[in-house]
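Heads up, the thing below is written out as structure tokens.
The values are calculated or read from the model by the stated rules, or taken from the named source; none is laboratory data. Here the structure is a predicted model, which means the values were calculated and not measured. So basically every Cβ, Gly included, is an ideal-geometry build from the backbone, and we count neighbours across all protein chains shown.
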Amino acid sequence: MASRDLCQLIDAFNSGELLRPAADTMNLVDLANAIAFLAGAGDLNLTSGARRLIDLIGPSTHLVFILADGFGMNFVEEMDNEAFIPTQLSMELQTVFPSTTSAALTTLATAKWPGTHAVLGWFLYLPVIDAVTTILRFTRTSDGTDLSKLGVNPNHAFPQQSWMAQIQRESLSLFPEVILPSIYSSYFTNGTRSEGYTGLKHAMDKIITRTKENDGPTLTYLYWPNIDSTCHELGTHHLTTTSTVTELDQELLRLSMRLPKDTKVVLTADHGLLDANETQTHWIEPGDELSSCLSKAPSGDAREVYFAPRDGQKSRFRDRFSSRFENRFILLTVEEATELALFGPEPLSFKSRERLGDIVAISLGADAIRYRHTHSKSNVMEKKYASHHSGLTPSEMRIPLIVL
């Protein structure tokens, strides 16, 4: 018999309040496979969705792929009708679950679902050091120690290889100077060339110069994080957020007008965001009654949290959690989440399964859970966020696809 929480989640899927990840819906995995194919990589899963995107994008001498972090469909729908991006929208895609940067970017790097590539949250438990990590920063979350100093190598942290090294085009990846170089950017680019930029205009100028000066074929990847970071700090409807979206719109228009004719530009996002006020943000402290039931600290993200109750404590944990968060979150076993194919249509990889706990908490809306990994005020988890992602709401799961 299905659990009450499982039935509640399925009802939310049926009503459209939440979106169920589905391989037969055009999705980020399809796009990753399409971009990899057009760049010349092999050993890909070319589903019907991927083939449709390959046909949509088409052949080109220069292929430009732009990832605007956090730029969900809700932003496109709220833009002025005369803005450039809404007039160029090719279709809507669905991102992966969890709808968070670490999972989605690793999907783009590997063309695999999260349940296969094993990067299942911003905060990722690694059994090899028995600790929760902030995986893209490659640090132990509790104290900020570099994982390299703890004996963790990138191949262990990111077990699925990036397809970038396989491509047949001259490639260049552009990242903000503040995050380059990093362990993750090196993993993503897989030995191919990367450069830093100081602002979006600078990045677009690099793309323009590169496509004009090279006979091709080339692939240029641009990662731009500003919408995501602004939303986290100020919320999705703040004037600064609006101006950041406008900046993307204007720079994309300028790019389209100055590129050679044999260039294709593909722009998408890794996820959208949904605001959460203070009453919708819930803290779990290391010493409270929920933590006392656990064998290790929670991992995951704000709207999908993985818990590992100690032996004999599962029922106690469930009762206490449900009492505190009734009608805000549901609890599934990892097996139930897998049967629903939330992490992808394939069985969980061994690495994925060992990084999860036994129970997955999923937000039914805007509510978010934060956990203080230490009492240090400098800890990343201490920051107050106006907006979050990683859940299954349409605001988080729906992303645009623009092809120019």
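Tabulated values for the structure
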read-out: Qualifying residues in region 241-266 (those that are closer than 16 Å to Lys206 by Cβ and in a strand (DSSP E or B)) - the one farthest from the chain's Cα centre (by Cα); value: Thr263
read-out: Condition met for Ile183 (buried (at least 17 other Cβ atoms within 10 Å of the Cβ), of a type in the set (Val, Ile, Thr) and over 18 Å from the mean Cα position of the chain (by Cα)); value: no
read-out: Helices (runs of 4 or more DSSP H) (entirely within region 275-384) containing at least 3 residues that are over 21 Å from the mean Cα position of the chain (by Cα), among the charged types (D, E, K, R) and not assigned by TED's automatic domain parsing to the domain that holds Asp143; value: 314-325, 334-339
read-out: Selection count where residues are touching a Phe, Trp or Tyr at 6+ places or on another chain (Cβ under 9 Å), within 15 Å of Ile35 (Cβ to Cβ) and assigned to a helix (DSSP H, G or I), scope region 95-114; value: 6
read-out: Total residues in region 203-213, condition among the hydrophobic types (A, V, I, L, M, F, W, C) and either within 14 Å of Ser60 (Cα to Cα) or surrounded by fewer than 21 Cβ atoms within 10 Å (Cβ to Cβ) (or both); value: 1
read-out: Ser395 touching a residue at least 12 places away in the same chain (Cβ under 8 Å), closer than 21 Å to Arg137 by Cα, touching a helix residue (DSSP H, G or I) at 6+ places or on another chain (Cβ under 6 Å) and surrounded by 18 or more Cβ atoms within 10 Å (Cβ to Cβ); value: no
read-out: Scope region 55-98; condition polar (S, T, N, Q) and at pLDDT below 95; matching residues; value: Asn81
read-out: Any hit, region 137-144, residues being within 18 Å of the chain's Cα centre (by Cα), among the charged types (D, E, K, R) and under 30 Å from Val403 (Cα atoms); value: no
read-out: Among residues of region 53-105, those that are under 14 Å from Asp228 (Cα atoms) and touching a residue at least 40 places away in the same chain (Cβ under 8 Å), counted; value: 14
read-out: Enumeration of residues in region 6-44 that are farther than 15 Å from Leu392 by Cα and acidic (Asp, Glu); value: Asp24, Asp30, Asp43
read-out: Matching option when the condition is in contact with a Phe, Trp or Tyr (Cβ under 6 Å, 6 or more places away or on another chain), within 19 Å of Ser390 (Cα to Cα) and at pLDDT 95 or above, among Ala269, Ala276; value: Ala269
read-out: From the options Tyr187, Tyr197, Tyr223, residue that is in contact (Cβ under 8 Å) with a residue 40 or more places away in the chain and in contact with a helix residue (DSSP H, G or I) (Cβ under 7 Å, 6 or more places away or on another chain); value: Tyr187
read-out: Out of Arg169, Arg193, Arg137, sole residue that is charged (D, E, K, R) and closer than 18 Å to Thr100 by Cα; value: Arg137
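A quick yes/no check of all residues on (1) farther than 28 Å from Val29 by Cβ; (2) surrounded by fewer than 19 Cβ atoms within 10 Å (Cβ to Cβ); (3) assigned by TED's automatic domain parsing to the domain that holds Thr61; (4) not acidic (Asp, Glu):
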residue: Phe188; (1), (2), (3), (4): no, no, yes, yes
residue: Asp215; (1), (2), (3), (4): yes, yes, yes, no
residue: Trp224; (1), (2), (3), (4): no, no, yes, yes
residue: Thr246; (1), (2), (3), (4): yes, yes, yes, yes
residue: Gln250; (1), (2), (3), (4): yes, yes, yes, yes
residue: Ser256; (1), (2), (3), (4): no, yes, yes, yes
residue: Lys261; (1), (2), (3), (4): yes, yes, yes, yes
residue: Val265; (1), (2), (3), (4): no, no, yes, yes
